[in-house]
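Peer 1: First the structure, then my questions, so here it is.
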Amino acid sequence: DQALQAGMHHDGMAFFPIDATRGLLAVNHEYTDERLLHADGTANWSAEKVRKSQAAHGVSIVELERGAGGGWRVKRPSRHARRITAFTPMRIAGPAAGHPLMRTALDASGRRVLGTFNNCASGATPWGSYLTCEENFDQYFRGPERPDAHQRRWGLQPGGWGAAGWALHDERFDATKHPNEFNRHGWVVEIDPFDPASEPVKRTALGRAAHEGAWTVQAADGRAVVYMGEDGAFEHLY
């Protein structure tokens, strides 16, 4: 049911006009408050609660239409309506695609991944796609007792079960068992809001970071320029 509803804690959004009276709103769902999401909060933590939490993350695509009185409302039904969650299949593109550090037991190619989460700010491209940005991805994973230098660089904490407790019932978030799954998040994801059958793409050419938005402009020579911020202490603008 949650995968068919709006997610939790909205962050970045963008509007994509269809015509003068209709358009698509893309909305990020950054994180969940498990105490509010479940009837009994975090008590009796289960695989079902993990799945619901994962379904409340990601992105919603909502079609809006202008009514006779001039106000906007959600159009139902809509062929564009879509939820993208922490278990939606996606393609990995760019220089990191297929790299040994991107390969896992579930994806020997290093080119396919499930889901996007902790989606913070966002952006829209001149060609009409939505860029959703994975920010504090590290907090969803259970780390080894002694994270290596690469894991520490990206904030993976030793032990525990992750802030959302996903690793208790979804072992791909247990970096002690699947260390490379951790590497497959922290990217900018491109989504075509106009095609509900299209597959989201993690654009690794835009770099790995605690992404806080990706704003795109077209330069005078026709090239696209993407401006990005990294929401972490002592990090950078790109």
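The values are calculated or read from the model by the stated rules, or taken from the named source; none is laboratory data. Note that the structure is predicted; figures quoted are calculated from it, not measured. So basically every Cβ, Gly included, is an ideal-geometry build from the backbone, and we count neighbours across all protein chains shown. The area values use the complete protein model at the heavy-atom level, side chains included, leaving out ligands, DNA and RNA. Shrake-Rupley method; radii C 1.70, N 1.55, O 1.52, S 1.80 Å.
Peer 1: Can you name the residue in the range 208-222 that is open to solvent by less than 40 Å² (accessible area, probe 1.4 Å) and aliphatic (A, V, I, L, M) and is also farthest from His150 (Cα to Cα) among such residues?
Peer 2: Ala219
Peer 1: Next question. Kindly establish whether Pro144 is closer than 14 Å to Pro179 by Cα and either open to solvent by 10 Å² or more (accessible area, probe 1.4 Å) or free of Cβ contacts under 8 Å to residues at least 60 places away in the same chain (or both).
Peer 2: Criteria met by Pro144.
Peer 1: Next question, about the same structure. Tally the residues that are in contact (Cβ under 8 Å) with a residue 60 or more places away in the chain and open to solvent by 40 Å² or more (accessible area, probe 1.4 Å), restricting the search to the range 128-140.
Peer 2: So the answer is 1.
Peer 1: OK, next. Against the definition (farther than 24 Å from Val50 by Cβ, within 14 Å of the chain's Cα centre (by Cα) and touching a residue at least 40 places away in the same chain (Cβ under 8 Å)), how does Arg203 come out, yes or no?
Peer 2: Yes, satisfied.
Peer 1: From Arg83, Arg79, grab the single residue that is open to solvent by 20 Å² or more (accessible area, probe 1.4 Å), assigned to a loop (DSSP other than H, G, I, E, B) and of a type outside the set (Gly, Ala, Ser).
Peer 2: Result: Arg79 is the single residue among Arg83, Arg79 that is open to solvent by 20 Å² or more (accessible area, probe 1.4 Å), assigned to a loop (DSSP other than H, G, I, E, B) and of a type outside the set (Gly, Ala, Ser).
Per-residue answers, yes or no, for (1) open to solvent by less than 50 Å² (accessible area, probe 1.4 Å); (2) modelled with pLDDT of 95 or more; (3) touching a strand residue (DSSP E or B) at 6+ places or on another chain (Cβ under 9 Å):
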position: Gln151; (1), (2), (3): yes, no, yes
position: Leu156; (1), (2), (3): yes, no, yes
position: Gly159; (1), (2), (3): yes, no, yes
position: Trp166; (1), (2), (3): yes, yes, yes
position: Arg184; (1), (2), (3): yes, yes, yes
position: Glu190; (1), (2), (3): yes, yes, yes
position: Ala197; (1), (2), (3): no, yes, no
position: Arg203; (1), (2), (3): no, yes, yes
position: Ala224; (1), (2), (3): no, no, yes
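Peer 1: What about Ala68, is it more than 21 Å from His169 (Cα to Cα), modelled with pLDDT under 95 and out of contact with any Lys or Arg (no Cβ under 9 Å at 6 or more places or on another chain)?
Peer 2: Considered against the rule, which asks whether it is more than 21 Å from His169 (Cα to Cα), modelled with pLDDT under 95 and out of contact with any Lys or Arg (no Cβ under 9 Å at 6 or more places or on another chain), Ala68 comes out as yes.
Peer 1: If you go through the range 93-113, how many residues are outside any loop (DSSP other than H, G, I, E, B), open to solvent by less than 60 Å² (accessible area, probe 1.4 Å) and touching a His at 6+ places or on another chain (Cβ under 9 Å)?
Peer 2: Qualifying residue count, the range 93-113: 1.
Peer 1: Scan the range 30-52 and report the pairs whose first residue is farther than 25 Å from Val188 by Cα and in contact (Cβ under 8 Å) with a residue 60 or more places away in the chain and whose second residue is part of a loop (DSSP other than H, G, I, E, B) and open to solvent by 30 Å² or more (accessible area, probe 1.4 Å), with Cβ atoms within less than 7 Å and a gap of 6+ or a chain change.
Peer 2: So the pair list comes out as Glu34/Thr42; Ser46/His169; Ala47/His169.
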